[in-house]
Amino acid sequence: MNGMLKNILCSIVLLSAASSFSCAQEVSTATLKFKAPNGWVEEKASSAMRVAQYKLPKAADDTDDASLVIYFFGQGQGGGAAANIERWINQMKQPDGSDSNAKAKEETGTVNGLKISSVDVAGTYTAEMAPGSGTFYNNPNYRLRAAVIETPKGSYYLKLVGPEKTIAKWKESVSDFVRSFEFK
């Protein structure tokens, strides 16, 4: 029932002193909970769509840190797992010109009752720097790990991108992070 109609009915019910109709507001306060591992640097989220944003310090031989962001766009927003995984794979180009789909590792599993669909692919990172900007990254020897986390409130989207050695350095802590996901 939509909110306005329910408020009108509640007013009528209260006026007529009927007691069989509940006027409690239906609000879900549950969110995706997680614990960031030691060594990650929490950053201020750069947009309202970012639930969390972390810098994963670079490996000794790398020039850049990795970036991990969790997005939430709202219930029914952001697209399904397959479409997002395809988009993420297409953000990586292979140095030999081969298809990134052939190199991507996709997995589906469950963590604490939450369905998680993920992808892991290395290559040259070529995503657009900002939506609609027309300027693109061109970062060779990068790796992208991303996932769609399905919750009753809607899907959350995790995207980790950075130099291959840095992503490898944090591999176990990223896995621990994902295993910490709970919806409550």
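Read-outs throughout are calculated quantities, based only on the coordinates presented, and are distinct from any laboratory measurement. In this text, all values refer to a predicted model and were calculated from it rather than measured experimentally. No Cβ is skipped: glycine too gets one built from the backbone with ideal geometry, and neighbour counts run over all protein chains shown.
Starting from the Cα of residue 115, draw a straight line to each of the aspartates and glutamates and keep only those under 15 Å, dropping any in the same chain fewer than 8 residues away.
Straight-line reach from residue 115, under 15 Å: 106, 107, 150, 182.
Say R0 is 22 Å: what FRET efficiency, to the nearest 0.05, do residue 44 and residue 65 get from their beta-carbon distance?
0.90
If R0 is 22 Å, what FRET efficiency do you get for residue 137 and residue 172 from their C-beta distance, rounded to 0.05?
0.25
Determine ³J(HN,Hα), in whole Hz, for all residues of the range 47-58 in sequence, where each value follows from phi through the Karplus function 6.51 cos²θ - 1.76 cosθ + 1.60 and θ = phi - 60°; x replaces Gly and Pro.
In residue order, the calculated couplings are 7, 5, 7, 8, 6, 7, 8, 9, 9, 9, x, 5 Hz.
Quick one: Karplus J couplings for the range 84-97, per residue in order, coefficients 6.51, -1.76, 1.60, θ = phi - 60°, nearest Hz, x for Gly and Pro?
Once θ is set to phi - 60°, the couplings for the range 84-97 become 5, 4, 4, 4, 5, 4, 5, 7, 10, 10, 8, x, 8, x Hz.
Would you mind calculating the gained length between residue 86 and residue 105 on full extension (0.36 nm times residue separation, minus the Cα-Cα distance), in nm to one decimal?
Length gained, residue 86 through residue 105: 5.7 nm.
In whole Hz and in residue order, list the ³J(HN,Hα) couplings for the range 30-36 that follow from phi through the Karplus curve 6.51 cos²θ - 1.76 cosθ + 1.60, θ = phi - 60°; x for Gly and Pro.
For the range 30-36, the Karplus-derived couplings read 5, 9, 6, 10, 7, 10, 6 Hz, x marking Gly and Pro.
Mind scanning 35/153; 55/93; 105/171; 44/105; 55/105 and naming the pairs with a C-alpha gap bigger than 26 Å?
Distance filter (> 26 Å) returns 44/105.
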